[in-house]
1. How much length would be gained if the chain were fully extended between residue 160 and residue 6, taking 0.36 nm per residue of separation minus their Cα-Cα distance, in nm to one decimal?
2. Can you compute the FRET efficiency between residue 173 and residue 40 using 1/(1 + (r/R0)^6), with r the Cβ-Cβ distance and R0 = 51 Å? Round to the nearest 0.05.
3. Do me a favour and compute the ellipsoid semi-axes for region 18-74 from its Cα gyration tensor, root of five times each eigenvalue, largest one first, whole Å.
4. Among (i) -0.73, -1.28; (ii) -0.64, -1.49; (iii) -0.57, -1.42, only one was calculated for this model; which label is it, if the read-out is log10 I(q)/I(0) by the Debye sum over Cα atoms at q = 0.10, 0.16 Å⁻¹?
5. What percent do you get for the relative contact order of region 61-213 when only Cα pairs under 8 Å and 6+ apart count?
6. Expected output is a single nm value to one decimal: the length gained when fully extending between residue 181 and residue 151, i.e. 0.36 nm times separation in residues minus the C-alpha distance. What is it?
7. Looking only at 222, 124, 177, which one moves most when the chain is put into a Gaussian network model with springs between Cα atoms under 10 Å?
8. Keeping all protein chains in place, calculate the accessible area per residue for the chain (probe 1.4 angstrom), answer in Å².
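The values are calculated or read from the model by the stated rules, or taken from the named source; none is laboratory data. The structure presented is a predicted model; accordingly, all values stated were derived computationally and were not measured. Glycine gets a Cβ as well: all are built from the backbone with ideal geometry, and neighbour counts include every protein chain shown. SASA here: full protein model, heavy atoms, side chains in, ligands and nucleic acids out. Shrake-Rupley method; radii C 1.70, N 1.55, O 1.52, S 1.80 Å.
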Amino acid sequence: MRIDGAPIHQRLDELYEIGAEPTGGAYRPLYGDAWATAVERVERWMKDAGLTTHRDAVGNLWGRAEGHDKGKAVVTGSHIDTVRRGGRLDGALGIVAGLTAVETLLTTKGKPRRALEVVAICEEEGSRFNTNFWGSRAITGAIDTVDPEIAAAMRERGLDPATVATAARDDIDTFVELHIEQGAVLDASRQPLAVVSAIVGTAHLEVTVTGRADHAGTTPMELRHDALAGGAAMIQAVESIARSLGSPAVATVGKVRTEPDQINVVPGRVVFTIDVRHADLGARRALEERIRSLCATIASERCLREPRKRPA
């Protein structure tokens, strides 16, 4: 079957306009106005495609085509929310492409053998509330409690936080999602498509380096306990360790805060984050331990206090 790409691009453009920001990109936070408008738009497309729609207890939108055979459904889709200045394709591509594929199958082949569903998952990005994979966790029955702030936002959308457990599904056989590559491996290798073979595990660390704040003009270099210089050495070490291990190990320092943050004061305290990822759990833990150990060594060599680490 051949699929005309023009309608796909048109739908992607329509979604991208919903929540468009003046500085570029789109922002559709969970349960916000732009989010609600986008869900309504996708639901209209689903109905036009002949799918039966419903929204579950957390706001995941489902479109279903019944099959000849009974049994568990084959599902495709992606998330409807975005980060700030979100791109045109992240999440949206999986929804639009999945819907287009099911729509084409129904048009050309008629009623499917197995039930087919398209889902617009309500949230994945954690851009409004301190939660990730809210929609997916609801589907897998992994939500135990609902934060009061999220509960209030749910009620504003006519959703009842007390019924979250009803969103759980045990009748899904297969889930397939088309997603853009958010790195540059395929682009660099000039490959148009790849199949995911592993999902990386993530550890978030927050490192606090404590030195001593001193006058920048009167404190000789040999008498300083510069927290930022020590932190910089640690950050360099984080990168070196990940590079030495090679792919798929990655480690990223994304946030740095310096105190007292003045041009003429030797920094007395530095806090920075580390994002550590690897597809193998044992390797990720080993990478994390090497980072911890080397940071402690640098702190000792520079006469800084032992770095304190806790999950971010």
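1. Values: separation 154, 0.36 × 154 = 55.44 nm, distance 3.86 nm.
Extra length from residue 160 to residue 6 when fully extended: 51.6 nm.
2. Values: r = 29 Å, r/R0 = 0.56.
So the FRET efficiency works out to roughly 0.95.
3. Working: eigenvalues 168, 29, 17 Å².
Semi-axes, largest first: 29, 12, 9 Å.
4. Working out log10 I(q)/I(0) by the Debye sum over Cα atoms at q = 0.10, 0.16 Å⁻¹ from the coordinates points to (i).
5. On the way: 207 pairs, mean separation 43.7, N = 153.
RCO, region 61-213: 29 percent.
6. Numbers: separation 30, 0.36 × 30 = 10.80 nm, distance 3.30 nm.
Extra length from residue 181 to residue 151 when fully extended: 7.5 nm.
7. Top of the fluctuation ranking is 222.
8. On the way: 17310 Å² over 312 residues.
Normalised by residue count, the accessible surface of the chain is 55 Å².
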